[in-house]
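Shown next, in structure tokens, is the structure this report addresses.
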Amino acid sequence: MSYTGDVKVGGPADVRELPALTISKVAVDEKMSNNCYLLRCNATGDQVLVDAAASPETLLSLIGSAGLTTVITTHQHWDHHRALADVVRETGAAVVAGEPDADAITEQTGVPVERRVTDGDRVAVGDCELEVIRITGHTPGSICLLYRDPTGHPHLFTGDSLFPGGVGGTFGDADAFVSLIGDVETKLFGELPDDTWFYPGHGADSTIGAERPKVAEWRERGW
């Protein structure tokens, strides 16, 4: 079965096998239906989790006996780190988050953020690496994570900054929306090719090319 990115809470992970990196997507929590992504370097077996959102038993089963080197939290909102303390306690993984959100994540979870990142930083997944792209607006320190597959198209993990059909919510804050849509236009649509596949914090995946024609409409619509 080929990867689709369509997952349901309580259902199996959807697994994408790239030459150097394996991506496993799972949905957790019936109410919020968060997406969590386990990335595994095929050469070393090192694993990194993007958002320990909820259901630690599901995530720990997905991680398995191979262990976990790092948990990356895409932003400070509560629904993206409810399982962080349990996952870190069981695996000893280091915690990475965007610098402006790090203190809030620690306050909410009790888990220290060992590495605070911003634009251009890199996070290793064994022999592979993720490039950090800071997107300010949904929260002050939201980050996206870009894997540039040397044998194919890019893969982008967007947290709640970009979804099929729009950017993340800014809760009536006009300045935050201007920042968010500006960063998304400049740093994502302005830099990445149409075949970039992106993986959001909730719901289905999409591509930069599929969403590009809608960006002006999103800006006009506001959020």
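Computed from the coordinates by the stated procedures, all read-outs in this text should not be read as laboratory data. This structure is a prediction, so every number in the text was calculated from the model and none was measured. Neighbour counts are summed over all protein chains in view; Cβ atoms, including those assigned to glycine, are modelled from backbone coordinates with ideal geometry.
Observations, loosely collected:
- Remark: the stretch 14-221 carries a charge dipole of roughly 140 debye about the Cα centre, counting +1 on each Lys and Arg Cβ and -1 on each Asp and Glu Cβ.
- Evaluated at q = 0.11, 0.15, 0.18 Å⁻¹, a Debye calculation over the C-alpha positions of the chain (equal weights, vacuum) places log10 I(q)/I(0) at -0.48, -0.93, -1.40.
- Between the listed residues GLY209, GLY222, ILE23, the Cα displaced farthest toward the positive end of the dipole of the chain, a dipole computed from Cβ unit charges relative to the Cα centre, is found at ILE23.
- Per residue of the chain, the DSSP helices (runs of n ≥ 4 H) give a summed -39500 (n - 2.57) that works out to -6000 deg cm²/dmol at 222 nm.
- Straightening the chain between SER2 and PHE171 buys 57.2 nm, computed as 0.36 nm per residue apart minus the Cα-Cα spacing.
- Proximal lysines relative to LYS25, as straight alpha-carbon distance under 16 Å, when same-chain residues fewer than 8 apart are discounted: LYS8
- Under 5 Å from the amide H of SER206 lie the amide H atoms of PHE198, each residue being 5 or more positions distant or on a separate chain, with H modelled from the backbone and absent for Pro and chain starts.
- Amide N proximity, the stretch 20-64 versus ASP127 label position 7 Å along Cα-to-Cβ, cut-off under 20 Å: 20-24, 39-49
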